[in-house]
Amino acid sequence: MKEELEKKKSDNSNNKSKTKFSRIIIIIISTLLLITVIFFYDYLDQTIFCKSDWKCGEWSICKAGVQSRVCADQKNCNNPTDKPIENQQCLCVGNWSCTEWSNCSRMGKQNRTCVDENVCENTTGNPADLQSCIPPDSSEYILQLADFPQGWVLKERVERFKSDIDAEALYWGWKGGYKVSYVLMFEGLEKSWVEQYISIYPLETVSFPMEKEIDGILKTAFNENISSSYIGIQIGNSSVIYRTKSTIFGIDYTSYTISFSKFDVFEKITIYGSIMDVELLKELATKAADKIV
């Protein structure tokens with residue numbers, strides 16, 4: 001009798017354990033099924049039953065004949081429907097941005113660069129990028145003391161008038177110019193001089209003074225042409241360098257001259273004295289030519 005009771009207790013205990021295990025299994029399976037149903041429902045809702053709700057931004061500025069916008073689906077459907085257009089053609093109107101006008105050139109022109117920010121193919125209405133202007137006065141081409149090494153000082157700066165010019169230059173149409181001289185001071189004494197002559201001619205005759213310079217070199221025994229390889233650079237549109245020797249009251253003098261023309265400007269720069277620096281002369285002539293644009 002006692003053994004039968006114990007056996008029944010054991011069977012009841014086993015049955016309870018099996019029942020508890022079965023409940024756990026059922027709960028797990030139910031949970032998995034529920035998750036599957038929720039996921040499947042969400043999938044159906046986002047894929048099959050989802051209807052997009054679009055919200056679009058403002059159209060961009062028309063560029064190159066096209067404008068765009070961004071549209072977002074507020075419901076984030078997996079398969080968006082009826083998406084509005086995000087690009088369309090438009091009438092491009094130029095939006096021009098221009099740089100400042102350049103300095104007036106020797107030829108009486110100044111330019112600037114204009115860019116259409118809207119990149120329209122049609123350039124109708126684009127602003128002018130070239131215009132006429134009054135060329136700088138010849139005084140703008142005078143060498144400054146900053147162009148010289150230390151020790152040089154300005155000695156003379158005078159405007160030249162027709163009464164200062166020979167008949168031949170006037171015949172060529174000489175318009176105006178300057179004469180400027182500089183001196184190198186060493187221990188209180190003048191040791192070297194530089195003279196700059198600036199002349200303005202009509203474009204069609206500005207080559208004549210240069211031709212006269214070259215002809216004078218060939219015909220005058222005191223002048224000696226120096227090869228262009230010695231200069232090493234082209235100055236202006238055309239240039240020549242030569243050396244002049246002369247004797248005054250038994251004293252020998254030597255000077256070096258570079259003459260050049262650029263546009264309608266003819267210049268002659270000469271260095272002479274007891275201290276000669278031909279490299280400085282070349283530098284000064286190059287700087288003088290660079291001032292003419």
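The values are calculated or read from the model by the stated rules, or taken from the named source; none is laboratory data. In this text, all values refer to a predicted model and were calculated from it rather than measured experimentally. Note: ideal-geometry Cβ built from the backbone for every residue, glycine included; neighbour counts use all protein chains shown.
Residue check: is Leu145 aliphatic (A, V, I, L, M) and either in contact with a helix residue (DSSP H, G or I) (Cβ under 9 Å, 6 or more places away or on another chain) or outside the structural domain of Glu195 (by TED's automatic domain parsing) (or both)?
Details: aliphatic (A, V, I, L, M): yes; either in contact with a helix residue (DSSP H, G or I) (Cβ under 9 Å, 6 or more places away or on another chain) or outside the structural domain of Glu195 (by TED's automatic domain parsing) (or both): no.
Taking the combined requirement at face value, the residue does not satisfy it.
Quick check: is even one residue across the range 179-200 surrounded by 19 or more Cβ atoms within 10 Å (Cβ to Cβ), at pLDDT 95 or above, aromatic (Phe, Trp, Tyr) and in contact with an Asp or Glu (Cβ under 6 Å, 6 or more places away or on another chain)?
The answer is no, given that none of the residues of the range 179-200 is surrounded by 19 or more Cβ atoms within 10 Å (Cβ to Cβ), at pLDDT 95 or above, aromatic (Phe, Trp, Tyr) and in contact with an Asp or Glu (Cβ under 6 Å, 6 or more places away or on another chain).
Based on what the data block shows, is Pro127 without any contact (Cβ under 8 Å) to a residue 40 or more places away in the chain, within 30 Å of Val66 (Cβ to Cβ) and surrounded by fewer than 17 Cβ atoms within 10 Å (Cβ to Cβ)?
On the way: without any contact (Cβ under 8 Å) to a residue 40 or more places away in the chain: yes; within 30 Å of Val66 (Cβ to Cβ): yes; surrounded by fewer than 17 Cβ atoms within 10 Å (Cβ to Cβ): yes.
Taking the combined requirement at face value, the residue satisfies it.
Can you find a residue in the range 282-292 that is under 33 Å from the mean Cα position of the chain (by Cα), among the hydrophobic types (A, V, I, L, M, F, W, C), closer than 18 Å to Glu190 by Cβ and surrounded by 18 or more Cβ atoms within 10 Å (Cβ to Cβ)?
If we filter the range 282-292 for residues that are under 33 Å from the mean Cα position of the chain (by Cα), which is where we start, we get 282-292.
Those still in the list that are among the hydrophobic types (A, V, I, L, M, F, W, C) too: 284-285, 288-289, 292.
This time we only want the ones that are closer than 18 Å to Glu190 by Cβ, so: 284.
When the remaining residues are screened for being surrounded by 18 or more Cβ atoms within 10 Å (Cβ to Cβ), the result is 284.
Checking the range 282-292: at least one residue is under 33 Å from the mean Cα position of the chain (by Cα), among the hydrophobic types (A, V, I, L, M, F, W, C), closer than 18 Å to Glu190 by Cβ and surrounded by 18 or more Cβ atoms within 10 Å (Cβ to Cβ).
Any idea how many residues of the range 86-114 are exposed (fewer than 13 other Cβ atoms within 10 Å of the Cβ) and within 30 Å of Val66 (Cβ to Cβ)?
Result for the range 86-114: 7.
Looking only at residues that are more than 23 Å from Lys175 (Cα to Cα) and touching a strand residue (DSSP E or B) at 6+ places or on another chain (Cβ under 8 Å) in the range 201-219, which one is modelled with the lowest pLDDT?
Only one residue fits best here, namely Leu218.
Strands (runs of 3 or more DSSP E) wholly in the range 64-176 with at least 3 residues that are under 30 Å from Ser192 (Cα atoms) - which ones?
Working: elements: 66-68, 71-73, 87-89, 96-98, 109-111, 114-116, 130-132, 152-160.
In the range 64-176, the matching strands (runs of 3 or more DSSP E) lie at 152-160.
What are the residues in the range 134-177 that are under 17 Å from Val293 (Cα atoms), hydrophobic (A, V, I, L, M, F, W, C) and surrounded by 16 or more Cβ atoms within 10 Å (Cβ to Cβ), if any?
Of everything in the range 134-177, those that are under 17 Å from Val293 (Cα atoms), hydrophobic (A, V, I, L, M, F, W, C) and surrounded by 16 or more Cβ atoms within 10 Å (Cβ to Cβ) turn out to be Ile142, Leu143.
Based on this model, can you work out whether Ser68 counts as within 27 Å of Ser132 (Cβ to Cβ), of a type in the set (Ser, Thr, Tyr) and under 39 Å from the mean Cα position of the chain (by Cα)? First the steps, then the outcome.
Details: within 27 Å of Ser132 (Cβ to Cβ): no; of a type in the set (Ser, Thr, Tyr): yes; under 39 Å from the mean Cα position of the chain (by Cα): yes.
No, not satisfied.
Any residue in the range 31-50 that is surrounded by 13 or more Cβ atoms within 10 Å (Cβ to Cβ), more than 30 Å from Asn118 (Cβ to Cβ) and at pLDDT 75 or above?
Taking every residue of the range 31-50 in turn, at least one turns out to be surrounded by 13 or more Cβ atoms within 10 Å (Cβ to Cβ), more than 30 Å from Asn118 (Cβ to Cβ) and at pLDDT 75 or above.
So, in the range 248-293, of the ones that are of a type in the set (A, V, I, L, M, F, W, C) and part of a helix (DSSP H, G or I), which residue ends up modelled with the lowest pLDDT? If you could, list the steps in order and put the result at the bottom.
First pass over the range 248-293, keeping only residues of a type in the set (A, V, I, L, M, F, W, C): 248-249, 251, 258, 260, 263, 265-266, 269, 271, 275-276, 278, 280-281, 284-285, 288-289, 292-293.
Retained after the next criterion (residues that are part of a helix (DSSP H, G or I)): 278, 280-281, 284-285, 288-289.
Numbers: Val278: 89, Leu280: 94, Leu281: 94, Leu284: 97, Ala285: 96, Ala288: 97, Ala289: 97.
Going through the qualifying residues, I end up with Val278.
Can we say Ser22 is within 30 Å of Gln89 (Cα to Cα), among the polar types (S, T, N, Q) and at pLDDT 60 or above? Spell out how you get there, then give the answer.
On the way: within 30 Å of Gln89 (Cα to Cα): no; among the polar types (S, T, N, Q): yes; at pLDDT 60 or above: yes.
Answer is no for this residue.
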